[in-house]
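Below is one structure, written out as structure tokens; the observations come after it.
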Amino acid sequence: MLKFIFKDIYDNEVELESILALSINKEENVPADDMTAVFAYQDLNELVSVKMYDNDKIEFTGIVDEQQKIVTGGGMYLKIIARSMAGALLDNESVPVTYNHPSTSLIFERHVKPFGIKSYNGNNSTYFGELVISKGMSNFQALSNFCNNCFSTTPRINSKGEVDINGLSYDKSVTFSPKESEGGIEYISMTESIKRCEEVSAVNVKVTNSSGYLNVVKNDDAQKRKIKRERYLNAVLTDTPMKCADIMIKNGKQNSYYVKLVCPFRHLDILGNKAIVKSASSDSSKIENLYVSSVRYTLNHSTDSTTVILKRRDV
């Protein structure tokens with residue numbers, strides 16, 4: 001059974017159970033997960049934070065962004081829109097500062113803990129270099145810059161409201177199959193898409209002010225498939241112009257193919273997992289080399305399902 005524990009502006013706890021509608025979204029490239037929940041209306045104080053439990057398991061921890069009273073011919077409703085605790089770090093600009101040899105614990109104490117996040121998972125290591133936090137950066141950017149420099153990772157705030165220094169786990173595996181009896185997670189529909197409009201066939205690069213766009217990085221696979229989508233990159237101020245072009249091509253490949261699955265019930269803890277999709281056809285084929293890129297859970301009077309987007313693991 002789902003249970004929601006809210007805190008209001010007076011630090012009172014409010015427990016709500018009779019959920020009418022719910023959606024939760026998790027995406028690999030979006031730091032903050034989001035939740036929208038609808039309940040029968042109750043006259044409550046202004047709400048600040050929320051924890052969602054499935055029995056004793058915490059499945060969402062976050063801050064309340066919006067609280068709505070909705071009046072319709074069918075009744076009155078309370079709608080809550082929230083984001084995970086990463087939202088608090090994104091909302092708050094960091095003080096501009098330059099650190100010499102900062103540690104994990106220092107960054108956590110100054111840029112994370114003041115915003116309601118009480119712990120982190122990972123090593124307390126030191127970055128032996130200079131870390132510049134510029135004017136306009138959020139506290140999440142400060143944390144991300146440190147993790148990227150020190151660990152080569154992108155941090156993630158998990159469902160318990162803790163910082164995972166190493167980010168999403170890409171080591172776990174999940175199998176999707178058309179029948180529950182075959183093991184793994186059952187799916188009730190599958191869409192496999194090739195988006196030719198996303199791929200870049202070539203990037204023309206300018207590396208000096210005195211030259212034109214003379215350096216060309218080609219996507220041979222796209223050109224063999226008769227895709228023509230060229231881009232021009234002014235990389236005069238970039239130390240690694242060819243790498244930037246490679247990234248543009250790789251991003252296009254990443255977005256050009258996906259598998260969409262609709263699965264019954266709630267599956268929120270699979271983001272980042274390696275994935276295999278078993279075919280519904282009789283030939284026992286399967287799609288491999290995938291990973292879970294996004295998860296969207298929806299609950300209402302007629303639906304209790306999770307929509308999963310899978311992308312290629314290596315491109």
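Every read-out reported here was derived from the displayed coordinates using simple, explicitly stated rules and does not represent laboratory data. Everything quoted here is computed from the prediction, not taken from an experiment. All Cβ positions, glycine included, derive from the backbone under ideal geometry; neighbour counts span all protein chains shown.
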Original post:
Just the projected area, averaged over all directions, of the convex hull on the alpha carbon atoms of the stretch 260-315: how many nm²?
Top reply: 4.4
Subject >> Value of relative contact order over the chain, rounded to a whole percent, pairs C-alpha under 8 Å and six or more apart >> reply: 15
Original post:
Using θ = phi - 60° and the Karplus form 6.51 cos²θ - 1.76 cosθ + 1.60, what ³J(HN,Hα) does each residue of the stretch 163-180 get, whole Hz, x for Gly and Pro?
Top reply: 7, 9, 4, 7, x, 5, 8, 9, 9, 6, 10, 9, 10, 10, 9, x, 10, 4
**OP:** Tell me the chymotrypsin sites (Phe, Trp or Tyr not before Pro) within the stretch 39-143 that lie in a loop according to DSSP and have at most 11 other beta-carbon atoms within 10 Å.
**Re:** PHE128
Subject >> Rough spin-label spacing in nm, given labels placed 7 Å along Cα→Cβ, for ILE287 and GLU180 >> reply: 2.4
**OP:** Please order VAL236, VAL259 by the number of other Cβ within 10 Å, starting at the fewest.
**Re:** VAL236, VAL259
Original post:
Given labels modelled 7 Å from the Cα in the Cβ direction, how far is it in nm from LEU44 to GLU198?
Top reply: 3.6
Original post:
Can you work out ³J(HN,Hα) from phi for every residue in the stretch 197-213, in order, using Karplus 6.51 cos²θ - 1.76 cosθ + 1.60 and θ = phi - 60°, giving whole Hz and x for Gly and Pro?
Top reply: 5, 8, 6, 9, 7, 6, 10, 9, 10, 9, 10, 9, 5, 8, 10, x, 8
**OP:** Stick to Cα atoms and the Kirkwood definition of Rh, then tell me Rg/Rh for the stretch 2-84.
**Re:** 0.96
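Quick one: work out Rg over Rh on the C-alpha atoms of the chain, Rh as Kirkwood radius. Spell out each step's value before the answer.
Values: Rg = 22.8 Å, Rh = 22.4 Å.
Expressed as Rg/Rh, it is 1.02.
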**OP:** Apply the Karplus parameterisation 6.51 cos²θ - 1.76 cosθ + 1.60, with θ equal to phi minus 60°, to every residue of the stretch 18-28 and state each ³J(HN,Hα) to the nearest whole Hz, in sequence, with x for glycine and proline.
**Re:** 7, 7, 9, 8, 8, 9, 9, 10, 10, 10, 4
Subject >> Inter-part distance where the stretch 164-184 and the stretch 42-79 are each reduced to a Cα centre, Å >> reply: 29
Original post:
Considering only DSSP states other than H, G, I, E and B, which GluC sites (Glu not before Pro) in the stretch 37-141 qualify as loop sites with at most 16 other Cβ atoms within 10 Å?
Top reply: GLU46
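In deg cm²/dmol, rounded to 500, what helix-only [θ] at 222 nm does the chain give when every DSSP H run of at least 4 residues adds -39500 (n - 2.57) and the total is split over its residues?
-4500 deg cm²/dmol
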**OP:** Any chance you could check the Cα centroid distance between the stretch 96-117 and the stretch 191-226 for me, in angstrom?
**Re:** 40
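Taking other Cβ within 10 Å of each residue's Cβ, how do THR306, THR238 sort, fewest first?
THR238, THR306
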**OP:** May I ask you to list the aspartates and glutamates whose Cα is less than 15 Å away from that of LYS113, ignoring any residue fewer than eight positions away on the same chain?
**Re:** ASP91, GLU93, GLU162, ASP164
**OP:** Name the residues whose placed amide hydrogens come within less than 5 Å of the amide hydrogen of SER138, ignoring near sequence neighbours (fewer than 5 apart) on the same chain.
**Re:** SER94
Original post:
What percent does the relative contact order of the stretch 178-282 come to when contacts are Cα pairs within less than 8 Å and at least six residues apart?
Top reply: 36
**OP:** Set the Förster radius R0 to 25 Å, insert the Cβ-Cβ distance between GLU17 and ASP269 as r into 1/(1 + (r/R0)^6), and round the FRET efficiency to 0.05.
**Re:** 0.70
Subject >> Filtered chymotrypsin sites (Phe, Trp or Tyr not before Pro), the stretch 3-38: DSSP coil and at most 13 other beta carbons within 10 Å >> reply: TYR10
Original post:
So how compact is the stretch 136-241: Cα radius of gyration and Dmax in angstrom?
Top reply: 21.3, 65
